[in-house]
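Contents: one structure, followed by commentary.
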Amino acid sequence: MNPYAAYLAGRDPTVILASTSLRLEEITRVLHPSEAERPPAPGKWSARDIMCHLADTEVVFAFRLRQALAEPHHTIQPYDQNRWASPYPGYQIGAALDVFTTVRNWNLALLRNVCDEDLARPVTHPERGTMTFQTLVETMAGHDLNHLQQLDAIASAQKL
């Protein structure tokens, strides 16, 4: 149901969500511009690509969260992340960070006002089945952790 559940290891997803922007800013600050552009391996995304993906995904989650609260038993619309990634070469890593941070702060404001009844709302993902709104929030946090690990690895590799 949540492909990123293992990343949480019992941690509070809202704490993770609240800390991701700062961590992304720290990683972006230490990345050399050439390293941000270089994929760590053939067929893998560069740090810039990952940041752009995180910005896009945050926009997607913003819509999903609001639709899940507005509609009874909302069905989530999947998207093809690789097709969305086609314009990434023309984007700047700093702009992606700005989009991510702004939309994340907007999402956190929404989540601060969600009640237990809302967290239990069912939503359906066509590829993952029925889950709760809480699972959607946990997916966001696990997704963050997954990509933070990738970005940390890229940043660490440039120091070698």
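The values are calculated or read from the model by the stated rules, or taken from the named source; none is laboratory data. Quantities reported herein were computed from a predicted structural model and do not represent experimental measurements. Ideal geometry is used to build each Cβ from the backbone, glycine not excepted, and the neighbour counts take in all protein chains shown.
Computed values, structure above
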quantity	calculated
Residue within the range 118-135 that is at negative phi, touching a Pro at 6+ places or on another chain (Cβ under 9 Å), hydroxyl-bearing (S, T, Y) and surrounded by 11 or more Cβ atoms within 10 Å (Cβ to Cβ) present	yes
Matching residues in the range 40-53 - criterion: being surrounded by fewer than 22 Cβ atoms within 10 Å (Cβ to Cβ) and under 19 Å from the mean Cα position of the chain (by Cα)	K44, W45, S46, D49, H53
Residues located in the range 54-74, provided they are charged (D, E, K, R) and within 13 Å of the chain's Cα centre (by Cα)	D56, E58, R64
The range 83-123, residues that are in contact (Cβ under 8 Å) with a residue 24 or more places away in the chain, more than 18 Å from the chain's Cα centre (by Cα) and in a helix (DSSP H, G or I)	D118
Hey, R64 over 25 Å from A153 (Cα atoms) and surrounded by fewer than 16 Cβ atoms within 10 Å (Cβ to Cβ) or not	no
Which numbered condition Q77 misses (of (1) among the polar types (S, T, N, Q); (2) over 12 Å from the mean Cα position of the chain (by Cα); (3) modelled with pLDDT of 95 or more)	(3)
Filter result for the condition that a residue is under 15 Å from D144 (Cα atoms), in a loop (DSSP other than H, G, I, E, B) and not polar (S, T, N, Q), over P40, P72, P78, P3	P3
